[in-house]
Every structure is written in structure tokens, then in C-alpha cells.
1. For the stretch 68-78, what are the residues that are surrounded by 13 or more Cβ atoms within 10 Å (Cβ to Cβ) and on the phi > 0 side of the Ramachandran plot?
2. With the requirement that a residue be farther than 18 Å from residue 48 by Cα, among the hydrophobic types (A, V, I, L, M, F, W, C) and free of Cβ contacts under 8 Å to residues at least 12 places away in the same chain, what does the stretch 61-102 give you?
3. When you look at residue 81, is it closer than 13 Å to residue 36 by Cβ and open to solvent by 40 Å² or more (accessible area, probe 1.4 Å), yes or no?
4. Between residues in the stretch 10-21 that are closer than 14 Å to residue 35 by Cα and residues that are in a helix (DSSP H, G or I) and open to solvent by 100 Å² or more (accessible area, probe 1.4 Å), which pairs lie under 8 Å by C-beta distance while being six or more apart or on different chains?
5. Residues in the stretch 55-63: is at least one assigned to a helix (DSSP H, G or I), open to solvent by 60 Å² or more (accessible area, probe 1.4 Å), over 15 Å from residue 91 (Cα atoms) and among the aliphatic types (A, V, I, L, M)?
6. Every residue in the stretch 14-51 that is open to solvent by 90 Å² or more (accessible area, probe 1.4 Å) and either farther than 25 Å from residue 86 by Cα or in a helix (DSSP H, G or I) (or both), please.
7. Let me confirm something: among 20, 51, which residue is in contact with a Pro (Cβ under 9 Å, 6 or more places away or on another chain) and of a type in the set (D, E, K, R)?
8. Go through (1) part of a helix (DSSP H, G or I); (2) open to solvent by 40 Å² or more (accessible area, probe 1.4 Å) one by one and return the number of the condition residue 95 breaks.
Amino acid sequence: MDDATLARATITVGLDRLRDLALGDTADTEDTARALQALHHGDEPRVSVLDVLADLLDDIAARCGDDGLEAAAENLGEAAAAIRGQAGPRVHRALEAIADTV
């Protein structure tokens, strides 16, 4: 198994564990919130899955830019920005809404 396949499998297993935590037969609102906090932990950047993913995309974008792949770099940078600017804040607002019900 090559490194990329191993990394994808590891990520998939981790996300499946979060899915089980959030949606399993015995899951409650607090379990759902804990799974969402793993995806977006607003108070601690670089701890959440979304932050790590955005950082990785930015790093790959920089490498693509260094290699003269400007179109790839631009698209990857925009993807990272979308995670930080749209996905992250929306998950954060969902967490706030959940907290309001607990």
C-alpha cells in the first residue's frame, strides 16, 4: 500500500469513528457536539480537522505555485479559504445552536 492510500485509509477510519460518535445508536446531543468539535474547534486553531485540512491545502498550493502550477495553486488556495471562511464558521454556529439546546 502506498503512502497516499494509507493516509486516506487512516483519515477514513478517523471520520468513521466521528460518524459513529455523532450518529451511533446510543449517541446523544453531547456526543454530536464532541464530533463537531473535532471538526471545528474554534478556540484552538490547528486542533480541528477543518483547520488541519485548510493548512494542508495551503501548503500544497504553495508547492504548486513554486512549481509554476498557478491554476492549481489558486484553486487550492480558494478551497482552503472556503473551509476557513464558510465551512468552519458554519460548523461553529451549529455548535452554538446545539449548546443552546443542552
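1. Matches in the stretch 68-78: none.
2. If the condition is that a residue be farther than 18 Å from residue 48 by Cα, among the hydrophobic types (A, V, I, L, M, F, W, C) and free of Cβ contacts under 8 Å to residues at least 12 places away in the same chain, then 62, 69, 71, 72, 97 are the ones that fit.
3. Details: closer than 13 Å to residue 36 by Cβ: no; open to solvent by 40 Å² or more (accessible area, probe 1.4 Å): yes.
In short, no.
4. The qualifying pairs are 21/34.
5. From the stretch 55-63, those assigned to a helix (DSSP H, G or I) are 55-63; that's our starting set.
Add one more test, that the residue is open to solvent by 60 Å² or more (accessible area, probe 1.4 Å), and what stays is 56, 59-60, 63.
Checking which are over 15 Å from residue 91 (Cα atoms) leaves us with 56, 59-60, 63.
Restricting the remaining residues to those that are among the aliphatic types (A, V, I, L, M) gives 56, 60.
Yes, the stretch 55-63 contains at least one residue that is assigned to a helix (DSSP H, G or I), open to solvent by 60 Å² or more (accessible area, probe 1.4 Å), over 15 Å from residue 91 (Cα atoms) and among the aliphatic types (A, V, I, L, M).
6. Result: 17, 19, 20, 23, 25, 26, 30, 34.
7. Details: 20 fails: in contact with a Pro (Cβ under 9 Å, 6 or more places away or on another chain).
So the residue among 20, 51 that is in contact with a Pro (Cβ under 9 Å, 6 or more places away or on another chain) and of a type in the set (D, E, K, R) is 51.
8. (2)
The values are calculated or read from the model by the stated rules, or taken from the named source; none is laboratory data. Not measured: the values here are computed from a predicted model. Note: ideal-geometry Cβ built from the backbone for every residue, glycine included; neighbour counts use all protein chains shown. Ligands, DNA and RNA are excluded from the accessible area calculation, which covers all protein heavy atoms including side chains. Shrake-Rupley method; radii C 1.70, N 1.55, O 1.52, S 1.80 Å.
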